[in-house]
Amino acid sequence: MTDITFEEPKTLSKEERQKKEELAALAAEKHWSQTPDQLFKDALHGYSRPEIEQITGLIKAHHRFDRRVQLVLSIEEIYGNMLLAYGAENPEPAVRSPEGGRDYAIAWASALAAGKSYGSYPPRPFIRDLPCAVGNVSLDMGAIDDLTPVVDPANIVAAQQLAFITTVGDGLRVFAAGEALVQRWAAEAYDFGDEELSDFLYCRWRRNGDLTQTDRQVLTAGRFGFPVTGLPAGAVVNREFPGQFTRLITLIQQYYDNRHTFQPPSPPSRSAVNLAATQVRWNIQQHMSEATILKIKELRDRLDNELALLGHEKVIQKVAGGHPDGIWAVVRALLDGNGRPTPDVVALYQQAVARNTVFTWLTKVPGESDQTEFDNAVDAGELFRATALPSGNGAVRPEVLSAVGS
């Protein structure tokens, strides 16, 4: 076997042997005379051996490369003619993609294996008539199950960062405390006796253009669906996300329950989790943009600076009397006089950590080489339940992102 052909599956069944005979008869027809080897030797449509090798390798690595597809493609004349048809439709080597050749060949091999549309082969006419020539127009349904959303993992990471920023920066009041400290220092309420710290505070006080609380609320509402009130006119709210994310966590928790009650989850259980995860991933993808990602990067830098400022040993000593709670003692000292109750730091922070774990799993394609990340996400789902926060009506409000930041 060469690296541009396919081996026949081993130990053919009776049905597979019959299929092989049908394929051999089909390959004997004159329009199936092209082999991959002839294709690059004749340089038809600009094919080269490396290109055919790449397409062949991608097919062999694809999840739909099963025995039926392998049997069809092991007939060299059939595989060669599929490549010929793909090259006819995409005659520029610099433009056509190996992935397109893979999908094209697998789709038609699947159709042949299922006994569909023998009369339409070769796969597509090399010279098309006008689009209005209806008799030459056909719908290829073979590749429908490959139309899964393509999600950029960087968008999931950006959402992960925004969720953490919202929890710690606004939910745990780090941004508000940092602003309060700067304003009080500028009003000469504190002297820290540290030139570097003073320079930083002065620059923070003089700086303009930071994203305001309203800006942050608009950013969060457009990604996570909260808050839904108090937004400027025209602000976009992603109303689908809370329900989709809650459903995902609920399914993860059910999976955890099945696993720890010694009842193995049925296959549809993992399939349902994967589907819910795919919906969440696609939702995030649709609500990310270049501008959004840059805003998130700016907010993460600001959060890191605020944490460093509030956690500075001289700030803790001067503002909170050196209290062992450190940064959280500083936050309380600066803000608890405004009538707002102190949030449950432990619960909110643990939820932020758990949510990070779930988002880390979501950077993977659900069900594809993600077992370790999935197992961690399942454990994180139980942590959501253990740290659930009470809502205003006394009922438990679990993992919905609006539990923080509202």
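The values are calculated or read from the model by the stated rules, or taken from the named source; none is laboratory data. Here the structure is a predicted model, which means the values were calculated and not measured. Here the Cβ positions follow ideal geometry from the backbone for every residue, glycine too, while neighbour counts run over all protein chains shown.
Brief remarks follow.
- Enumeration of residues in segment 219-237 that are surrounded by 20 or more Cβ atoms within 10 Å (Cβ to Cβ) and outside any loop (DSSP other than H, G, I, E, B): Leu219, Thr220, Ala221, Arg223, Phe224
- Extreme residue, surrounded by the fewest Cβ atoms within 10 Å (Cβ to Cβ), among residues of segment 301-323 that are over 39 Å from the mean Cα position of the chain (by Cα) and either closer than 14 Å to Val168 by Cβ or of a type in the set (Lys, Arg) (or both): Lys314
- Meets criteria (of a type in the set (Gly, Ala, Ser), surrounded by 20 or more Cβ atoms within 10 Å (Cβ to Cβ) and either touching a strand residue (DSSP E or B) at 6+ places or on another chain (Cβ under 8 Å) or on the phi < 0 side of the Ramachandran plot (or both)) for Ala163: yes
- All told, Tyr202 falls short of being of a type in the set (Ser, Thr, Tyr) and in contact (Cβ under 8 Å) with a residue 40 or more places away in the chain.
- Set Arg124, Arg96, Arg184, Arg102: member being surrounded by 13 or more Cβ atoms within 10 Å (Cβ to Cβ), modelled with pLDDT of 90 or more and basic (Lys, Arg): Arg184
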